[in-house]
Each structure stands twice: as C-alpha cells, then as structure tokens.
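The values are calculated or read from the model by the stated rules, or taken from the named source; none is laboratory data. What you see is a predicted model, and the numbers here were worked out from it, not measured in a lab. Cβ placement follows ideal geometry from the backbone for every residue including glycine, while neighbour counts extend to all protein chains displayed.
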Amino acid sequence: MSTTQPTKTILRLELPTDPRWVNIAEKNIEDILVDHAYCEQKAATSGISLIVKYPDKTRLVEEMTDLVAEEWSHFERVLAELKKRGYSLGRNRPDEYVVQLTKHIRKGDKRERQLMDHLLVNALIEARSCERFKLLWKNIQDEGLQKFYYELMVSEAGHYVSFVKLAKEYMPVEEVDARLKELLAIEAEIIRNLEPRPDRMH
C-alpha cells in the first residue's frame, strides 16, 4: 500500500485536521497515548456492541469478531508504548468528537437503517483516526512512534473500508452513499467547531 493512499484516495474527509494539532500532540505524548489507548478500547467495545445488537447478520458478526481482536491488540500495543516510556494508563476522558458524531445515529428508524448509521459513524471515526495517525507518522520525532503510527494508519484505513462495505451489504448502495455524504458534512462541522486539545486523539 502506498504511504499516501489511506488519506488521499480512500478517505473522503471534507476538513483536514488543524495543523496545530500534531504540534500540540507531540508536546503532550503521554496524554495522547493514554487517550489513544481508550480510543482502541472503545473501538473494540463498539464492535462487540454491534455483534450483540445484530447477531443475525452473519457477515457483520464475522467481520466484527476480527475487528474486535485487532482493536484489542492495538490497545495492548498502546499500553506497551506507555510502559516503555514509564507512563501508566491514566483515567478515561470523554471524547466529545465521538459523543457529537454518535448523536446523528437515527433512532426509531427501521433496523437496517439504524445499522447503516452505526456502521458509517464507526467508519468516520476510523477515517479521522487514520488521518491523525498519518500526521503523527509524518511529523513526530520519535522514530519508534513513527513506525507504530504508520502501521496503525494502514489498519484504520482498512477498518474504514470494511465498515462502508458492510453498510452496503445491508442497505442499497445509493442510500449508503447519500447518507455517508451527509455524515461527512456533519463530521467536518464537528471538527471545525472543536478546539485542538493537548490530551485528545480526536
């Protein structure tokens, strides 16, 4: 995979991350690693929730089982990076980006449409994580973390693609594409209104 492919040809994010974010992140790498660990934990939990809610969707159960295992392995890898640097897993912090994005999962709609929204919101979270991992890979000085974030960037791009494909497995392609376009605009507005934080991955 090309090193520029994940954010230039796969992801469709409408608004790039404020360039100040990576400078803030590098100066607060302990906080970023702690927040990143919880992001991976929440991603695994989200996959489990989808399995529990939609156990009749065989393809979804299979893909989410693999995703949960991979996200948990990422959590373990972030813990290892924390330990290597003499840091510990601090307290969990609310992720305002995810909170605001998940508010747009429609309630009370038909089951498949709710599933589509869940999958597409998860896809956008993975896409934004991928974009941020690329910024860390390209800009931080720590060579070990450069390699680490390159590997995770590629992984998150794959998760984004998987979530979108799954949505198209259960809903018409045209409806998925239209909803994804709506959510991309919503995601860009959320990013536009969030201040870069020294202790947040998103």
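Assess whether ILE24 counts as being over 25 Å from GLU182 (Cα atoms), hydrophobic (A, V, I, L, M, F, W, C), surrounded by 18 or more Cβ atoms within 10 Å (Cβ to Cβ) and out of contact with any Ser or Thr (no Cβ under 9 Å at 6 or more places or on another chain).
Working: over 25 Å from GLU182 (Cα atoms): yes; hydrophobic (A, V, I, L, M, F, W, C): yes; surrounded by 18 or more Cβ atoms within 10 Å (Cβ to Cβ): no; out of contact with any Ser or Thr (no Cβ under 9 Å at 6 or more places or on another chain): yes.
Against the criterion (over 25 Å from GLU182 (Cα atoms), hydrophobic (A, V, I, L, M, F, W, C), surrounded by 18 or more Cβ atoms within 10 Å (Cβ to Cβ) and out of contact with any Ser or Thr (no Cβ under 9 Å at 6 or more places or on another chain)), ILE24 does not qualify.
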Practice task
Note down all Cβ pairs under 7 Å where the first residue falls in the stretch 74-85 and is more than 17 Å from THR45 (Cα to Cα) and in contact (Cβ under 8 Å) with a residue 60 or more places away in the chain, the second is exposed (fewer than 11 other Cβ atoms within 10 Å of the Cβ) and among the acidic types (Asp, Glu), and they're at least six residues apart or on different chains.
Solution key: none
Problem - Leading residue by the ranking (modelled with the highest pLDDT) among those in the stretch 186-202 that are surrounded by fewer than 19 Cβ atoms within 10 Å (Cβ to Cβ) and outside any helix (DSSP H, G or I) - result: LEU194
Practice task
State whether one or more residues within the stretch 169-191 are of a type in the set (A, V, I, L, M) and in contact with a Phe, Trp or Tyr (Cβ under 8 Å, 6 or more places away or on another chain).
Solution key: yes
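Find the residue count for the stretch 66-87, including only residues that are under 18 Å from VAL121 (Cα atoms) and either surrounded by fewer than 14 Cβ atoms within 10 Å (Cβ to Cβ) or not aliphatic (A, V, I, L, M) (or both). Give the steps one after another, and end with the answer.
The first filter runs over the stretch 66-87 and keeps only residues under 18 Å from VAL121 (Cα atoms), leaving 67-68, 71.
Filter again for either surrounded by fewer than 14 Cβ atoms within 10 Å (Cβ to Cβ) or not aliphatic (A, V, I, L, M) (or both), leaving 71.
So the count comes out to 1.
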Completion exercise
ARG93: passes all of (1) part of a helix (DSSP H, G or I); (2) under 19 Å from the mean Cα position of the chain (by Cα); (3) modelled with pLDDT under 95 but (1)
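Here's the yes/no breakdown for (1) touching a helix residue (DSSP H, G or I) at 6+ places or on another chain (Cβ under 7 Å); (2) of a type in the set (Phe, Trp, Tyr); (3) modelled with pLDDT under 95:
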position	(1), (2), (3)
ARG12	yes, no, yes
LEU15	yes, no, yes
LYS27	no, no, yes
GLU30	no, no, yes
VAL52	no, no, no
THR58	no, no, no
ASP66	no, no, no
LEU79	yes, no, no
LYS83	no, no, no
Exercise for the section: Could you tell me whether VAL34 is of a type outside the set (Lys, Arg), assigned to a helix (DSSP H, G or I) and under 15 Å from the mean Cα position of the chain (by Cα)? Expected result: no
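For the stretch 131-167: of the residues being of a type in the set (D, E, K, R) and surrounded by fewer than 17 Cβ atoms within 10 Å (Cβ to Cβ), which is nearest to THR102 (Cα to Cα)? Talk me through it step by step, then tell me what you get.
Applying the first criterion (of a type in the set (D, E, K, R)) to the stretch 131-167 yields 131-132, 134, 138, 142-143, 147, 151, 156, 165.
Now narrow it down to the ones that are surrounded by fewer than 17 Cβ atoms within 10 Å (Cβ to Cβ): 138, 142-143, 147, 151, 165.
Values: LYS138: 29, ASP142: 33, GLU143: 34, LYS147: 31, GLU151: 27, LYS165: 19 Å.
This residue is LYS165.
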Exercise for the section: Sort through LEU124, LEU135 and tell me the only one that's modelled with pLDDT of 95 or more and not small (Gly, Ala, Ser). Expected result: LEU124
Practice task
Give the residue, chosen from LEU183, LEU166, that is closer than 20 Å to LEU15 by Cα, hydrophobic (A, V, I, L, M, F, W, C) and either part of a helix (DSSP H, G or I) or modelled with pLDDT under 95 (or both).
Solution key: LEU183
Practice task
Check whether at least one residue in the stretch 68-88 is closer than 16 Å to ILE51 by Cα, among the small types (Gly, Ala, Ser) and in a helix (DSSP H, G or I), and report yes or no.
Solution key: yes
Handout entry: Filter result for the condition that a residue is part of a helix (DSSP H, G or I), surrounded by 15 or more Cβ atoms within 10 Å (Cβ to Cβ), among the polar types (S, T, N, Q) and out of contact with any helix residue (DSSP H, G or I) (no Cβ under 8 Å at 6 or more places or on another chain), over GLN100, GLN41, GLN114
Key = GLN114
